[in-house]
Amino acid sequence: MRATVIHAPHDIRVEEVPDPAIRQPTDAVVRVLRACICGSDLWAYRGESARQPGQRIGHEFLGVVEETGAGVDGFAVGDLVVAPFVWSDGTCAYCADGLTTSCPEGGFWGSVGSDGGQGEAVRVPHADGTLVKLPAAAASDDRLLTALLALSDVLGTGHHAALGAGVTKGSTVAVVGDGAVGLCGVLAAKRLGAERIIALGRHTARTDIARRFGATDVVAERGEAALAAVRELTRGEGAHSVIEAVGTEQSMRTALDIVRDGGAIGYVGVPHGSALGVDLGVMFDRNIALRGGVAPVRTYIPELLPDVLDGTIDPSPVFDLSIGLDEVPAGYRAMDGRTALKVLITP
């Protein structure tokens, strides 16, 4: 089959690789109908995250079950399923606590020795604990299928950030980052009942989506100017909840600057850089909470799925460029050059 591999920074190729096959009784093989490129994939693409030459890449996909191992009970050939970006066994103590990303038997798609999501098919370890079944009718609805793909990562990650930031009904939320995760953070904050949502971003096409998702205000400034703008919008106090969806020192400093005393920051931007802008003294003095990390999206999918199915939330606008599998290298270039927000792949 064909799949996306990375050979070196800025060297993404679509090549022939061995077909996935059942290795363990708990495995399933899924034929991919939709996949996408994540902003976190760009760290490998840019050489800031180490990869072995020829390693697979991509961690967001949904598709149809083509084969199951003898130990798989919850799925049958032909089922439409979505996979979270980390597989997990569903039976360990961490999975029972909802922290599926810490499952000792778990792993990330595209890690060494595993299949990546950006290909024609994927071997799924621990299928019963990992996959979530979708309505079969969704396979014929392009918009819904695209919206459901967001459950594999960005929608659940935005939700995780909103929970970490303590978003509640009537609260004021600020979102740092106008990428797909930040925009899904806006959507999540709106879903949880936030009254005011301030989106920080400089790209009009993206802030337009933020408004569509529920943002009441947009702050295009950065640094001290952004702080002043948010303070002006919040009677000088700052936001009760701040979603940090970038992962840089500057974005974390901005989050700390604009959060209200006694507030919380939900951070889900993959950290990159040695100094991440966290001053524990400032946090201590101002009673600021910091919660977040790798989102256990497998835990959130059952909660979010009904709202996607009935149209209560629609994350599909974050996918602004659709390509075929052979065009994946161009898709990486588009996201790296910020001419695309999030690239949808149809193998």
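The values are calculated or read from the model by the stated rules, or taken from the named source; none is laboratory data. Small disclaimer: the values here were computed from a predicted structure and weren't measured. In this analysis, Cβ positions are derived from the backbone assuming ideal geometry, glycine residues included, and neighbour counts consider all displayed protein chains. The area values use the complete protein model at the heavy-atom level, side chains included, leaving out ligands, DNA and RNA. Shrake-Rupley method; radii C 1.70, N 1.55, O 1.52, S 1.80 Å.
The DSSP beta bridges internal to the stretch 59-181 are antiparallel in roughly 100% of cases. Putting +1 on Lys and Arg Cβ atoms and -1 on Asp and Glu Cβ atoms, find which of Ala174, Ala150, Ala138 reaches farthest to the positive end of the dipole of the chain. Among Ala174, Ala150, Ala138, the one farthest towards the positive end of the dipole of the chain is Ala174. Basic side chains Lys and Arg get +1 at the Cβ, acidic Asp and Glu get -1 at the Cβ, and with that the dipole of the stretch 77-178 about its Cα centre reaches some 280 debye. The mean sequence distance of close C-alpha pairs (under 8 Å, at least 6 residues apart), as a share of the length of the stretch 136-210, puts its relative contact order at 30 percent. Across the accessible surface of the chain, with the other protein chains kept in place and a 1.4 Å probe, carbon and sulfur atoms take up 50 percent.
Computed over the stretch 203-285, relative contact order equals 25 percent, with contacts defined as Cα pairs under 8 Å that lie 6+ residues apart. State the Cα centre-to-centre distance between the stretch 309-327 and the stretch 151-198 in whole Å. Centre-to-centre distance over Cα atoms comes out at 18 Å. The charge dipole of the stretch 7-102, taken about its Cα centre with unit charges on the Cβ atoms of Lys, Arg (+1), Asp and Glu (-1) only, comes to about 280 debye. Helix 154-164 versus the longest principal axis of the chain: what is the Cα-based angle in degrees, 0 to 90, to the nearest 10? Here the helix axis deviates by roughly 40 degrees.
Taking only Cα atoms, what is the 0 to 90° angle, nearest 10, from helix 180-191's long axis to the longest principal axis of the chain? Value to nearest ten degrees: 70. State whether the stretch 284-347 is rounded, prolate or oblate according to the following rule on the C-alpha gyration tensor (a ≥ b ≥ c being the square roots of its eigenvalues): a/c under 1.5 gives rounded; otherwise a/b larger than b/c gives prolate, and the remaining case gives oblate. Oblate is the answer for the stretch 284-347, as a/c is 1.5 or above yet b/c matches or exceeds a/b. Between 0 and 90 degrees, the angle of helix 249-258 with respect to the longest Cα principal axis of the chain falls at about 50 degrees.
Checking the a/c ratio against 1.5 first, then a/b against b/c, what shape does the Cα gyration tensor give for the stretch 188-346? In terms of gyration-tensor shape, prolate. Dipole orientation for the stretch 1-57: of the candidates Gln52, His10, Val30, Val30 has the Cα lying most toward the positive pole (charges on Cβ; Lys, Arg +1; Asp, Glu -1). The stretch 57-85 and the stretch 240-260 have Cα centres spaced 36 Å apart. Here the contact order of the chain, divided by its residue count and restricted to Cα pairs under 8 Å and six or more residues apart, works out to 18 percent. Just check the stretch 1-127 against the gyration tensor rule for me: Cα atoms, a ≥ b ≥ c as the square roots of the eigenvalues, rounded for a/c under 1.5, and otherwise prolate or oblate depending on whether a/b exceeds b/c. Cα axes put the stretch 1-127 in the oblate bin. A Förster distance of 22 Å, applied to the separation of the beta-carbon atoms of Lys169 and Met283, puts the FRET efficiency at 0.30. Excluding same-chain neighbours fewer than eight residues apart, the lysines reachable from Lys133 by a Cα-Cα span under 28 Å are Lys190, Lys342. For the chain, the solvent-accessible area with a 1.4 angstrom probe is 40 square angstrom per residue. Protection proxy ranking for 165-175, 184-194, 289-299, 12-22, using the average of other Cβ atoms within 10 Å per residue and placing the highest first: 184-194, 165-175, 289-299, 12-22.
Backbone amide hydrogens, once placed in the peptide plane, bring Val343 within less than 5 Å of Ile37, excluding anything fewer than 5 places away on its chain.
Using only side-chain charges placed at the Cβ, +1 for Lys and Arg and -1 for Asp and Glu, the dipole size of the chain relative to its Cα centre rounds to 700 debye.
Label-to-label distance for Glu232 and Arg202 is 1.8 nm, based on points extended 7 Å past Cα in the beta-carbon direction.
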